[in-house]
Amino acid sequence: MIKVAKFGGTSMADASAITRSANIIKAEESRRYVVVSAPGKRFSQDTKVTDMLYACCHELELDGTCEDTFAKIRERFIGICADLGLSLDITPYLDKVKEGIYKYRSTSYCASRGEYLSGVIMAAALGYEFVDAADVVVFTCDGEFDAASTRSALQAKLADTPRAVIPGFYGADEHGTVHTFSRGGSDITGALIAEAVKADMYENWTDVNGFLSADPRVVDNPKLISKLSYKELRELAYMGANVLHHESIFPVRSSGIPINIRNTFAPEESGTLIVPEVKDSEVTDTVTGIAGKTGYSIIYIEKSMMNNEYGFVRKILSVLEQYNISFEHMPSGIDTLSIVVSDSSIAGRESVLLDRITKAVAPDHIKIKSGICLIATVGHGMKSNLGTAAKLCGALSGAGVNLRMIDQGSSELNIIVAVDSRDYGKAINAIYKAFKC
Ligand code: ADP
Ligand code: ASP
Ligand code: MG
């Protein structure tokens with residue numbers, strides 16, 4: 001039996017959390033490969049080490065120095081090692097990291113160093129080999145992740161390494177230049193290692209009892225989901241349930257490796273099991289979970305008889321393509337089309353976009369509405385239960401929330417609604433209450 005165990009930021013935040021994590025690892029022989037994040041927040045006003053590192057890079061760019069912020073990072077790691085009572089001297093590692101930050105002036109290099117130092121410390125605490133992710137997680141020189149090369153590098157290295165600690169979040173290209181995944185990407189590293197070593201289980205240790213049916217910062221005490229399918233996970237994680245990075249599913253999917261989300265601070269809880277498929281007979285609720293994200297805009301386009309116009313949508317999408325904008329949803333009516341895009345993808349280009357689309361399709365009306373959030377209601381039970389959309393819309397109108405868009409996925413696994421961002425919490429709570437999930 002082989003388990004890959006990934007420990008997130010709160011599980012690595014200080015010596016006491018690291019000791020808990022190390023005890024969990026030592027409690028089972030099978031926990032042979034350990035992936036760690038950078039130390040996260042110790043209390044709500046605290047700053048994550050990764051955020052401090054991003055700040056270092058920013059300060060260096062603006063002021064040519066990051067001495068004060070780096071001093072805080074140094075203090076944090078030295079404190080952790082002292083509290084753990086390790087014989088490891090972390091000072092030369094910190095000196096080398098600082099030298100690299102000044103030398104490379106690269107955001108990715110800088111951001112990755114929290115995981116690197118965390119990995120060095122956890123390896124020393126466990127007596128496991130430290131395997132630098134820069135040697136086994138491969139990116140192309142353009143910063144694209146290279147799955148095939150990573151699999152071979154990991155398999156070659158780990159075949160001879162019975163127990164190892166590998167830092168999450170980063171890798172390197174053939175020149176040794178460091179690249180990172182997007183935020184929360186240590187979850188992806190864990191999944192890559194699970195696939196490479198053909199693990200029986202990928203354990204993801206965090207600070208909640210498992211995948212909850214809604215964000216616990218939005219809904220009071222949401223229900224724990226004991227079993228979730230890969231598909232449901234992908235929908236919920238992509239739509240904001242960031243307890244697990246939504247891309248973590250891809251490496252484990254082909255081998256069907258289950259993921260177990262566990263709580264480092266309550267290891268007696270069995271957590272959430274994420275499996276390739278949930279059988280129809282196991283589906284008890286209509287809705288498995290709800291998740292949402294703010295930061296969207298809707299481009300509303302209206303033109304009489306647009307349905308009869310060949311290439312109408314294609315022309316609009318070519319404009320988006322020219323500006324490297326991908327869309328999230330695109331529901332249409334007879335004479336109307338709504339395109340949901342992220343605010344960040346159109347920032348500063350709103351008027352030029354309106355202008356280009358107007359030139360391309362001559363709409364009767366076109367406008368952009370910003371301040372939108374998307375909420376996904378997800379569950380395999382939806383396809384066998386009539387009236388789910390009606391119930392959802394009723395819940396929203398009952399709470400006085402104006403529905404701006406509704407879109408049901410073709411697999412009937414999810415219904416996505418767009419509402420004003422100011423109604424985010426109200427809408428999620430209303431849907432949660434309606435489905436008692
Ligand atoms: P880690 O540092 O362990 O990777 P994260 O902060 O990335 O932890 O993810 C855990 C957090 O995700 C929880 O503390 C919780 O606030 C948040 N979260 C958001 N949505 C959910 C959800 N549906 N279920 C559980 N946690 C969620
Ligand atoms: N430390 C990185 C972040 O804060 C990666 C991770 O925690 O997974 O995003
Ligand atoms: Mg995380």
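The values are calculated or read from the model by the stated rules, or taken from the named source; none is laboratory data. Because the structure is predicted, anything quoted here is derived from the model rather than measured. Cβ atoms come from the backbone with ideal geometry, glycine included; neighbour counts cover every protein chain shown.
Inside the stretch 174-210, can you point out the residues that are within 16 Å of ligand 2 (Cβ to nearest atom) and within 30 Å of Lys433 (Cα to Cα)? Show your work before the answer.
As a first pass, look at the stretch 174-210 and keep what is within 16 Å of ligand 2 (Cβ to nearest atom): 178-194, 202-208.
If the condition is that a residue be within 16 Å of ligand 2 (Cβ to nearest atom) and within 30 Å of Lys433 (Cα to Cα), then Gly184, Asn204, Trp205, Thr206, Asp207, Val208 are the ones that fit.
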Any hit, the stretch 221-232, residues being over 23 Å from Ile257 (Cβ atoms) and under 16 Å from the mean Cα position of the chain (by Cα) = no
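Identify all residues within the stretch 331-344 that are free of Cβ contacts under 8 Å to residues at least 60 places away in the same chain, under 29 Å from the mean Cα position of the chain (by Cα) and surrounded by 17 or more Cβ atoms within 10 Å (Cβ to Cβ); write none if there are none. Let's see the steps before the verdict.
First, pick out the residues of the stretch 331-344 that are free of Cβ contacts under 8 Å to residues at least 60 places away in the same chain: 332-337, 339, 341-344.
Okay, now just the ones that are also under 29 Å from the mean Cα position of the chain (by Cα), so 339, 341-344.
Scanning the stretch 331-344 gives Ile339, Val341, Ser342.
Taking the options Asp280, Asp285, name whichever one is surrounded by 15 or more Cβ atoms within 10 Å (Cβ to Cβ), in contact (Cβ under 8 Å) with a residue 40 or more places away in the chain and not aromatic (Phe, Trp, Tyr).
The match here is Asp285.
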task = State yes or no: is Gly9 without any contact (Cβ under 8 Å) to a residue 60 or more places away in the chain, closer than 27 Å to Pro267 by Cβ and in contact with a strand residue (DSSP E or B) (Cβ under 9 Å, 6 or more places away or on another chain)?
result = yes
query = Of everything in the stretch 203-237 that's closer than 14 Å to Ile428 by Cβ and of a type in the set (Asp, Glu), which residue is surrounded by the most Cβ atoms within 10 Å (Cβ to Cβ)?
reply = Asp215
request  = Being under 16 Å from Thr107 (Cβ atoms) and small (Gly, Ala, Ser) is the filter; apply it to the stretch 38-63 and report the residue that is surrounded by the fewest Cβ atoms within 10 Å (Cβ to Cβ).
outcome  = Ala55
task = Give the stretch 293-341 a look and list any residue that's touching a helix residue (DSSP H, G or I) at 6+ places or on another chain (Cβ under 9 Å), closer than 15 Å to Ile366 by Cα and among the aromatic types (Phe, Trp, Tyr), or say none.
result = Phe312
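Among the residues in the stretch 73-94, are any within 16 Å of ligand 3 (Cβ to nearest atom) and either closer than 24 Å to Tyr202 by Cβ or in a helix (DSSP H, G or I) (or both)? Even if it seems obvious, please write down each step before you answer.
Taking the stretch 73-94 as the starting set, the residues that turn out to be within 16 Å of ligand 3 (Cβ to nearest atom) are none.
No, the stretch 73-94 has no match at all.
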remark   = Residue hits (the stretch 158-173; in contact (Cβ under 8 Å) with a residue 12 or more places away in the chain and part of a loop (DSSP other than H, G, I, E, B)) are Thr161, Pro162, Arg163, Gly168, Phe169, Asp173
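When you scan the stretch 187-303 for strands (runs of 3 or more DSSP E) that lie fully inside it, which ones turn up with 2 or more residues that are near ligand 1 (Cβ under 10 Å from one of its atoms) and polar (S, T, N, Q)? Walk me through how you get there before you give the answer.
Working: elements: 201-206, 227-229, 259-263, 272-275, 289-302.
So the answer is 201-206.
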ask   = Which residue, of Gly143, Gly190, Gly176, Gly119, is farther than 20 Å from Ile261 by Cα and crowded, with 23+ Cβ neighbours inside 10 Å?
value = Gly119
inquiry  = So Val319 ticks every box in (1) more than 16 Å from ligand 1 (Cβ to nearest atom); (2) within 20 Å of Asp420 (Cα to Cα); (3) of a type outside the set (Ser, Thr, Tyr) but one. Which box is left unticked?
reply    = (2)
inquiry  = Looking for something surrounded by 16 or more Cβ atoms within 10 Å (Cβ to Cβ), modelled with pLDDT of 95 or more, closer than 28 Å to Lys3 by Cβ and in contact with an Asp or Glu (Cβ under 7 Å, 6 or more places away or on another chain) - is there at least one such residue anywhere in the stretch 82-93?
reply    = no
remark   = Per the filter on the stretch 111-127, residues not hydrophobic (A, V, I, L, M, F, W, C) and not in a loop (DSSP other than H, G, I, E, B) are Ser112, Arg113, Gly114, Glu115, Tyr116, Ser118, Gly119
ask   = Given the structure, is Ser108 within 16 Å of Lys6 (Cα to Cα), in a helix (DSSP H, G or I) and not basic (Lys, Arg)?
value = no
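Tally up the residues in the stretch 133-185 that are of a type in the set (Gly, Ala, Ser) and in contact with a Cys (Cβ under 8 Å, 6 or more places away or on another chain), please. Lay out the reasoning, then the answer.
In the first step, residues of the stretch 133-185 are kept if they are of a type in the set (Gly, Ala, Ser); the result is 133-134, 143, 147-149, 152-153, 156, 159, 164, 168, 171-172, 176, 182, 184-185.
Next, from what is left, pick out any that are in contact with a Cys (Cβ under 8 Å, 6 or more places away or on another chain): none.
Selection size over the stretch 133-185: 0.
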